[in-house]
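The values are calculated or read from the model by the stated rules, or taken from the named source; none is laboratory data. Here the structure is a predicted model, which means the values were calculated and not measured. Every residue, glycine as well, gets a Cβ built from its backbone with ideal geometry; the counts of neighbours run over all protein chains shown.
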Amino acid sequence: MHKILAVIRREFMTRVRSRAFVLSTIIGPVIMVLMFALPILLSGAGGAPKKVAVLDAVQGGFGQLVTQRLNGEMRDTVRKADPRYDATYVPVSPERLTAVQDSLVALTGVRKLGTAALDGVLVITDSALGQGMVRYMGINVGSPGDMNSLERSLRSLVIGGRLQRSGVDPSVVLGVMRPVDLRTLKVSEGHLTAESGEASFILAYAMSFILYIALLLYGIQVMNSVVEEKSSRIIEVLISSLSPFQLLLGKVIGVGATGLLQLAIWAGTATLLTTFKTQIAALFGASPGSLASLAIPTVSPALLVVFLLFFVLGFLFYASAYAAVGSMCNSTQDAQQAQMPVTIFIAAGLFIMFSLLSEPNGSLARALTYVPFFAPFVTPVRFSFSAMAWWELALSICAMIAGLLIMTALAGRIYRFGILKYGKKASWADAVKWIRA
């Protein structure tokens with residue numbers, strides 16, 4: 001046992017002390033904090049309302065309705081606070097439209113003018129009601145939030161203006177045609193959560209992508225380590241002191257412990273950020289109401305445990321296969337070609353998870369929960385959408401352990417023969433012979 005521990009310690013300490021590991025481990029939480037803080041700062045840091053001049057060349061006061069609507073737009077839709085626009089109504093005749101427009105554009109974005117400067121000019125002509133064409137010239141045209149809000153407001157007003165021209169009371173029709181504000185909230189085990197459907201999707205996407213990268217990255221590290229030791233003949237010295245299976249087990253666990261440490265730091269950071277998001281948002285001066293419009297997922301401690309557990313099981317499963325592939329090759333170039341079957345299964349698990357997002361509790365998702373090749377992706381995602389029954393989770397863990405034992409046994413047989421085979425690269429037919437030997 002002490003020999004296996006020596007291999008684990010060597011593999012773990014070699015990677016943990018590397019500069020790349022330290023930097024990536026630190027950068028991960030920093031990126032999470034930025035991704036958490038930036039939307040809060042941007043949502044509440046709109047600053048002063050955008051000063052917009054509504055240039056109205058339409059008879060009937062349509063521009064006045066637009067001005068009133070823009071002045072009623074709020075950034076914080078929960079508290080109905082923080083106005084998005086400071087609109088000014090500017091009526092103009094069609095003959096003087098171009099001249100007045102040019103004079104207002106000359107005031108747009110000129111900071112040295114102070115309070116006299118404009119942020120944008122909205123031009124309304126007869127084409128607004130006839131063709132639905134409205135022009136906006138401003139410094140915030142690259143802001144999706146501002147432009148989507150402006151488009152929504154103008155769409156309903158244009159419909160109302162057309163109805164009024166047709167002799168229909170627009171107040172009645174617009175009341176019926178008022179858009180639906182669909183707000184989704186996740187229900188778990190009969191209890192309503194504060195997490196939206198969009199946040200649930202973001203969480204599932206992030207977990208699956210992180211698992212994909214981690215399994216691929218650390219699995220390839222195991223394979224490359226085997227190839228390097230084999231090509232440098234160090235492997236011959238190592239197996240004189242311990243058995244091939246002990247060497248395989250120590251190498252896989254050592255690299256896996258490195259990945260587990262890094263993912264635990266990342267996932268722990270995400271758990272703290274989402275659990276105490278209200279308190280952290282208050283440090284940035286954001287109100288609890290402003291968080292309602294942001295799709296911030298919640299990582300519960302139970303989900304954290306399930307995520308890390310299936311990473312460990314999935315890594316041991318795939319790392320054993322990568323180690324077997326590395327033992328069959330004599331160079332890194334050969335290993336890059338031979339690893340494709342294993343990599344395809346990892347990529348398939350990621351793509352299958354995406355296809356199951358629309359129905360995470362369907363029959364196919366339940367069946368794949370017990371398939372070791374795909375369970376590391378499917379089970380954590382299903383658990384994040386709705387709490388699984390304890391027997392389903394236990395059965396999925398047992399299936400992963402059974403698959404891990406089978407994969408380790410097969411990889412151990414290939415590894416035992418492959419690490420001492422030099423010259424021609426071994427084929428998969430050779431691997432089958434080694435398994436049957």
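One table, with the values for the structure above:
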{"item": "Candidates VAL33, VAL52, VAL16, VAL22, filtered to the one that is farther than 30 Å from VAL252 by Cα and at pLDDT 85 or above", "result": "VAL52"}
{"item": "Answer residue from the stretch 205-243, given it is in a helix (DSSP H, G or I) and among the charged types (D, E, K, R) and is surrounded by the fewest Cβ atoms within 10 Å (Cβ to Cβ) among those", "result": "GLU236"}
{"item": "Residues (of a type in the set (S, T, N, Q) and in a strand (DSSP E or B)) located in the stretch 86-105", "result": "THR88"}
{"item": "SER200 vs. criteria of a type in the set (S, T, N, Q), modelled with pLDDT of 80 or more and buried (at least 20 other Cβ atoms within 10 Å of the Cβ)", "result": "no"}
{"item": "Near pairs, Cβ below 7 angstrom, 6+ apart or cross-chain, from the stretch 108-135 (not assigned by TED's automatic domain parsing to the domain that holds GLU151 and surrounded by fewer than 19 Cβ atoms within 10 Å (Cβ to Cβ)) to any residue that is charged (D, E, K, R) and part of a helix (DSSP H, G or I)", "result": "none"}
{"item": "Qualifying residue in the stretch 251-260 (condition: within 18 Å of LEU420 (Cβ to Cβ) and either out of contact with any helix residue (DSSP H, G or I) (no Cβ under 6 Å at 6 or more places or on another chain) or buried (at least 22 other Cβ atoms within 10 Å of the Cβ) (or both))", "result": "yes"}
{"item": "Qualifying residue in the stretch 332-340 (condition: modelled with pLDDT of 85 or more and assigned by TED's automatic domain parsing to the domain that holds LEU260)", "result": "yes"}
{"item": "Filtered residue count, the stretch 95-124, keeping only those that are within 21 Å of ASN71 (Cβ to Cβ) and β-branched (Val, Ile, Thr)", "result": "6"}
{"item": "Residue in the stretch 212-228 that is among the charged types (D, E, K, R), modelled with pLDDT of 70 or more and assigned by TED's automatic domain parsing to the domain that holds TYR322 present", "result": "yes"}
